[in-house]
Amino acid sequence: MANQAGRLQILTSIPTFVEDDRAMKKPLFKSVGIDDFAGQPLTLFQFNNLLKDVLADGFPASYWIVAEISKVNERGHCYLELVEKDGAGTHAQARGTIWSSKYRKIAQHFLARTGQSIQPGLKILFNASLQYHEVYGLSLDIHEVDPTYTVGELARLRQEIIDRLEKEGLLFKNGLLALPTVPQRIAIVSSPTAAGYQDFMHQIGANAHRYQFTCVLFPALMQGNDAPASVIEALRQIGERAAEFDVAVVIRGGGSQNDLSCFDHYGIAATLAGLPLPVLTGIGHERDETITDLAAHTRLKTPTAVAAFLIETCRHFEETLENAFQELMTAAADQLIRAREHLERQSLALCHRAESSLNQHRQHLNRHHYALLRQAERQTDRQETYLTQLTEKMKCTIQNRLRREESQLDFHALKTSLLDPVALLKRGLSRTYHNGQLITSVGQLQKGDVIETQLGDGRVRSVVTVFNQLQ
Amino acid sequence: MTITYAEAIRELETLLREIEDDGTDIDSLTEKVKRASELIQACKHKLRTAEETINQVFKEMEEE
């Protein structure tokens with residue numbers, strides 16, 4: 001019994017949480033008077049009833065107790081397995097019950113304050129009184145749960161995880177990755193049936209800029225106790241195919257705000273930090289950031305916001321492109337203007353140069369023209385002179401020729417006149433005939449021949465007396 | 001007249017030699033003198049018009 005009292009002592013040994021000190025005033029152990037039953041064994045029922053009485057007397061009030069929930073079983077009433085662990089394992093355990101008459105109110109209040117439903121893994125501070133049933137044994141009848149303790153406890157646990165992640169260099173590791181300029185290949189960790197996933201797909205598929213995104217879903221449970229392992233596995237699979245993606249997103253939402261504690265998980269955050277891809281979160285809550293959010297590259301409130309963020313990133317790149325293009329166009333236009341001005345100057349200069357060159361050539365040509373003209377004049381002058389000379393020569397030649405012909409004629413006339421017999425006769429020459437024959441030789445005549453001599457103005461007859469023949 | 005200036009001059013020179021030559025008879029002499037006179041007239045005309053033509057050509061060139 002001393003041992004039993006010791007165990008009871010443990011349950012009540014936290015003075016801070018002892019609300020009612022009546023328990024301390026009352027004797028923890030009241031002798032039921034074993035002697036009253038001396039000699040006669042008790043039935044189990046009798047014994048259990050005895051125990052029940054003792055316990056009812058020993059624990060008449062209610063106690064504030066801290067314990068961790070290890071199991072929850074809701075069947076109208078809520079049955080809890082409560083434990084306390086030390087380094088080695090469970091070193092205290094009890095069953096607890098929240099009756100349905102109170103459970104709904106307690107659960108709602110707890111959820112509202114902690115953001116969590118009453119679930120395994122949570123440490124709670126509760127007010128309970130001991131119940132002993134002859135068949136079912138000991139259980140704690142929970143009247144009240146103080147969510148403030150759980151809130152603080154959760155915060156402490158959360159801080160522990162954060163401290164550990166920070167110490168291991170995992171908290172901001174993903175945030176240091178550069179977000180791709182155009183994140184178009186998206187690995188999604190979500191539940192295919194989650195409204196948040198549908199919202200995301202709708203938003204990304206129906207974007208006004210008509211950007212094309214390639215989305216691959218890595219299905220995972222997004223709430224409940226199995227969520228962390230499921231999410232870790234999905235992240236691990238993404239890590240194996242990291243080269244296929246620009247970015248990973250963890251999204252859920254559209255559901256209740258509760259049950260986010262699974263994302264205050266060291267394993268998820270550590271796995272996420274190890275990914276070579278930037279991870280965006282949109283796990284749909286307005287409350288504090290989860291540790292998953294903290295470790296992620298960028299935290300957004302909802303899946304829709306994640307989609308909008310990705311679209312906006314693409315849009316930003318496109319704007320950069322458009323601006324660059326605009327600058328390029330402006331620069332090109334400037335260049336064009338400068339080039340045109342340059343060309344105009346050049347063409348003007350060329351025009352001037354051509355004009356002056358043309359003038360030079362024209363002057364040159366004029367000089368040639370006049371030279372040619374003078375040459376032509378000289379040539380015509382020469383020709384004229386020659387023609388004049390030729391004409392003069394022709395005249396002379398003709399005159400000379402005519403003169404020569406004339407003198408030839410004169411000569412002929414003279415010759416003719418000299419041979420005229422009448423003239424000869426007149427000049428004293430005579431002709432002698434003998435018997436009518438013209439005598440031209442002495443031999444034709446003899447002494448005594450009568451000869452007739454013809455003179456210019458008549459004839460005489462003579463007789464030959466002397467006869468001399470020339471030798 | 002289709003004869004060129006150079007041809008006319010050559011013919012004139014030939015006629016001159018022929019007239020100088022006393023072997024030519026007087027009857028053909030008259031013909032030759034007549035021919036020479038024609039040629040001289042033609043050449044003179046050509047000389048006058050040549051200058052005018054040359055000037056005209058240069059005038060046209062300047063006007064272009």
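Pairs linking a residue in segment A:378-392 that is at the interface with another protein chain (Cβ under 9 Å from one of its Cβ atoms) and free of Cβ contacts under 8 Å to residues at least 24 places away in the same chain to a residue that is assigned to a helix (DSSP H, G or I) and among the charged types (D, E, K, R), with Cβ atoms under 6 Å and 6 or more positions apart or on different chains, are A:Thr380/B:Glu51. Residues that are acidic (Asp, Glu) and more than 7 Å from chain A (Cβ to nearest Cβ) within segment B:41-64 comprise B:Glu52, B:Glu60, B:Glu62, B:Glu63, B:Glu64, listed in sequence order. The residues listed here are B:Ile9, B:Ile54, B:Ile3; of these, the one that is over 17 Å from A:Gln379 (Cα atoms) and surrounded by 11 or more Cβ atoms within 10 Å (Cβ to Cβ) is B:Ile3. When the test is whether a residue is of a type in the set (Gly, Ala, Ser) and closer than 30 Å to A:Asn48 by Cβ, A:Ser117 does not pass it. Of all the residues in segment A:367-377, those that are more than 8 Å from every other protein chain (Cβ to nearest Cβ) and open to solvent by less than 90 Å² (accessible area, probe 1.4 Å) number 2. Cβ-Cβ under 6 Å, sequence separation 6+ or interchain: first residue in segment B:33-51 and farther than 17 Å from B:Arg17 by Cβ, partner among the aliphatic types (A, V, I, L, M) and exposed (fewer than 13 other Cβ atoms within 10 Å of the Cβ). Which pairs? Matching pairs, first to second residue: B:Ala42/B:Met1. Condition test on A:Ile311, is it open to solvent by less than 70 Å² (accessible area, probe 1.4 Å) and of a type in the set (A, V, I, L, M, F, W, C)? Here the answer is yes, as A:Ile311 does meet what is asked.
Within segment A:11-19, the presence of a residue that is at pLDDT 90 or above, small (Gly, Ala, Ser) and open to solvent by less than 100 Å² (accessible area, probe 1.4 Å) is excluded. For segment A:177-224, a residue qualifies if it is under 24 Å from the mean Cα position of the chain (by Cα), open to solvent by 40 Å² or more (accessible area, probe 1.4 Å) and farther than 15 Å from A:Val249 by Cβ, and the qualifying residues are A:Ala178, A:Thr181, A:Val182, A:Ala206, A:Ala208, A:His209, A:Arg210, A:Gln212.
One residue stands out in segment A:406-418 among those that are farther than 21 Å from B:Asp21 by Cβ and open to solvent by less than 80 Å² (accessible area, probe 1.4 Å): the one that is farthest from the other protein chains (Cβ to nearest Cβ), namely A:Ser417. Give me the pairs: first residue in segment B:4-18 and more than 10 Å from chain A (Cβ to nearest Cβ), second residue assigned to a helix (DSSP H, G or I) and open to solvent by 20 Å² or more (accessible area, probe 1.4 Å), beta-carbon distance under 7 Å, and six or more apart or on different chains, which are they? Here the result reads none, with nothing in segment B:4-18 linked to a residue that is assigned to a helix (DSSP H, G or I) and open to solvent by 20 Å² or more (accessible area, probe 1.4 Å). Number of residues in segment A:393-405 that are exposed (fewer than 12 other Cβ atoms within 10 Å of the Cβ) and either in contact with a helix residue (DSSP H, G or I) (Cβ under 6 Å, 6 or more places away or on another chain) or more than 8 Å from chain B (Cβ to nearest Cβ) (or both): the value is 2. Confirm whether A:Tyr63 is modelled with pLDDT of 90 or more, open to solvent by less than 70 Å² (accessible area, probe 1.4 Å) and not in a strand (DSSP E or B). No. Return yes when B:Glu38 is more than 10 Å from chain A (Cβ to nearest Cβ), open to solvent by 50 Å² or more (accessible area, probe 1.4 Å) and within 14 Å of B:Tyr5 (Cβ to Cβ) and no when it is not. Judged against the criteria, B:Glu38 is a match.
Any chance segment A:316-335 includes a residue that's touching a helix residue (DSSP H, G or I) at 6+ places or on another chain (Cβ under 6 Å) and closer than 27 Å to A:Leu176 by Cα? Checking segment A:316-335: not a single residue is touching a helix residue (DSSP H, G or I) at 6+ places or on another chain (Cβ under 6 Å) and closer than 27 Å to A:Leu176 by Cα.
When the residues of segment A:92-147 are filtered to those that are closer than 15 Å to A:His77 by Cβ and in a loop (DSSP other than H, G, I, E, B), the one that is least open to solvent (accessible area, probe 1.4 Å) is A:Ile118.
The values are calculated or read from the model by the stated rules, or taken from the named source; none is laboratory data. Treat the numbers as computed from the prediction; the structure is a model and nothing was measured. Positions of Cβ are generated from backbone atoms using ideal geometry, with glycine treated the same way; all protein chains shown enter the neighbour counts. These area figures cover heavy atoms from the full protein model, side chains too; ligands, DNA and RNA do not enter into them. Shrake-Rupley method; radii C 1.70, N 1.55, O 1.52, S 1.80 Å.
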